[in-house]
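What follows is one structure encoded as C-alpha cells, with my remarks underneath.
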Amino acid sequence: MGGRKTTNHEFQTALQGKKIPLVILDPKWHGLFSDDGKPRSIVKLEKKANEYLKKQARLNQDIKDLKNLKEKLMKNIMANMEETEEEQESVRLREDRRLISEINVKLRQAYADLEELPKELDAVNEALMVESMEYCYEKMRANEIESEAIRKWLEKTREEVKQKAARRQTVQDKNREIYSYMHDIFGADIIDIFDLTYEKEPTQKEEEERQS
C-alpha cells in the first residue's frame, strides 16, 4: 500500500469512460468516514451533489405540473372555441393562449436544464470519487504505519515477557535451593521457627499495597 501519493489528475485519467455509481446514495460510502468524519472538501462536494439531485427532482416536478396545467388550458381553449364564433375571440381564450405560450417557454427551459444536470452531477460525483479514493488510501497508509508500530511493540514486549519469565523461574529455583540448603544445615526444627517468623512479615507487594 506504500509508495507515492496518486494525484487527482492520475485518478481522473484512470476513471475516464468508467461509469461511476452515485456515491452519496450508497450507505457504504458514508461508512467510509465513520471514524473521523468527512473532510471539508468532501462535505462541500457532497452538498453540491445533493443540490443537483434536489434541482433534478424539482425540475421533474415542474415539468409534470406545467404539462398538467397546459393540458387543462388546452381543454379550456377547445371548449371556448366551440362556444365562440371564429371572428370573435374571448378575453379568456386569449389569456389561455398566452399562458400556454409561457408554459411552452418554461417547458423548453426546464428540459434544457434537465438535460445539462446529469453532466454536472457526473462531474461532481467523479470529483467525490477521487477525493474519497485519496482519503481512503491515505487512511490505509496511516493504519499500516500504526499496525507496523504495534507489531514491533508486540515483538519487543514478547521478548521482554520471555526474559521476565526466565528471570522469575531463576529466582524461584534459587529460593528453593536456598531453602533446601538451610533445611539441611540448620535442621527442620530451627527452620520451622524461622518460617513462622517470616510468614508473619508482609511481602514487599503487600507492604506497598498497604501504604498506597
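No lab work stands behind these numbers, since they all come straight from the coordinates. Since the structure is predicted, the reported quantities are computational estimates derived from the model, not experimental observations. Positions of Cβ are backbone-derived with ideal geometry, glycine not excepted, and every protein chain shown enters the neighbour counts.
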Within straight-line cross-link reach of K44, lysines at Cα separation under 20 Å, skipping those fewer than 8 residues along the same chain:
K28, K54, K55, K119, K139
Mean Cβ neighbour count within 10 Å, used as a protection proxy, ranking 128-135, 99-106 highest first
128-135, 99-106
Could you give the nm distance between label points at L69 and E51, where each point is 7 Å from its Cα heading toward the beta carbon?
2.5 nm
Binned at 5 Å from 0, what are the whole-percent values of the Cα-Cα distance distribution for the range 21-155, short to long?
2, 9, 13, 12, 9, 8, 8, 7, 6, 6, 5, 4, 3, 2, 2, 1, 1, 1, 0, 0, 0
Can you work out ³J(HN,Hα) from phi for every residue in the range 178-190, in order, using Karplus 6.51 cos²θ - 1.76 cosθ + 1.60 and θ = phi - 60°, giving whole Hz and x for Gly and Pro?
4, 5, 5, 5, 4, 4, 5, 7, 9, x, 5, 4, 5
Between the residues M182, L196, V171, the Cα farthest towards the positive end of the dipole of the range 163-203, that dipole coming from +1 and -1 charges on the beta-carbon of Lys, Arg, Asp and Glu, is from V171
Give the cross-link partners of K75 among the lysines, using a straight C-alpha distance below 29 Å as the criterion and excluding same-chain residues fewer than 8 apart.
K64, K67, K106
Using packing as a proxy for protection, rank 23-35, 172-184 so that the peptide with the highest average count of other Cβ atoms within 10 Å comes first.
23-35, 172-184
In whole Å, largest first, what are the principal axis extents of the Cα atoms in the range 163-203?
37, 25, 7
